[in-house]
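Taking it in order: structure first as structure tokens, then the write-up.
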Amino acid sequence: MAVFQARDRIRWVVLHATFGSPFETPQALGERLEGWPLYHWLVYADGQIIRCASPSRVLYHCDEHNVGTLSVAVVGTFSRSRPVPPVHQIEAVTDLVTYLRNRIGHLADVRAHEEVNDVECPGPWWTAWIQAYRRQAGAALTRQVRDRELVERVRV
């Protein structure tokens, strides 16, 4: 049974990595990962964004921090041996998080999965990206990612 959350209760975006092939489809992820859907959005290396669940739906992606959060997953593996994601993926994550922060004005933060649970996810490069995004959040929020601009990249 699905559990839902009001938009005014959403406080964070939690960034994950899928730790699989960078080309893994949502269907393949669903077969591999128990409890699918785990992520509201998937972001691929080519910059494609796929919405997997409504933001109003509570997903079980982050122990004890499911209510009041949205989950974004970068598709692929981002360990120390694969430190830098493709530029299109970085831009798409930046645009998606900025868009969400503009649309949900009280959205307080973006956090790495490893910041809220004892896991190594989404990887060191993405954790560093989050730190940089926080430092630049004011500037990032002044860049309005328009609905049309993002919708053209999102496949539902």
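The values are calculated or read from the model by the stated rules, or taken from the named source; none is laboratory data. Given the structure is predicted, the values throughout are model-derived calculations rather than measurements. Ideal geometry is used to build each Cβ from the backbone, glycine not excepted, and the neighbour counts take in all protein chains shown.
How many residues are within 21 Å of Gly123 (Cβ to Cβ) and part of a loop (DSSP other than H, G, I, E, B) when one looks only at segment 1-24?
So the count comes out to 7.
For segment 42-51, give me each residue that is surrounded by fewer than 20 Cβ atoms within 10 Å (Cβ to Cβ) and either outside any loop (DSSP other than H, G, I, E, B) or at pLDDT below 95 (or both).
Ile50, Arg51
State the number of residues belonging to segment 63-93 that are part of a loop (DSSP other than H, G, I, E, B), out of contact with any Leu (no Cβ under 9 Å at 6 or more places or on another chain), free of Cβ contacts under 8 Å to residues at least 60 places away in the same chain and among the β-branched types (Val, Ile, Thr).
Adding up the residues that qualify gives 1.
With Tyr60, Tyr39 as the choices, which residue is surrounded by fewer than 19 Cβ atoms within 10 Å (Cβ to Cβ) and free of Cβ contacts under 8 Å to residues at least 40 places away in the same chain?
Result of the check over Tyr60, Tyr39: Tyr60.
Would you check if there is a residue in segment 110-127 being part of a helix (DSSP H, G or I), modelled with pLDDT of 85 or more and exposed (fewer than 14 other Cβ atoms within 10 Å of the Cβ)?
Scanning segment 110-127, I find no residue that is part of a helix (DSSP H, G or I), modelled with pLDDT of 85 or more and exposed (fewer than 14 other Cβ atoms within 10 Å of the Cβ), so the answer is no.
With the structure loaded, tell me whether Leu70 is under 13 Å from the mean Cα position of the chain (by Cα), at pLDDT 95 or above and over 16 Å from Trp129 (Cα atoms) or whether it fails that test.
Criteria met by Leu70.
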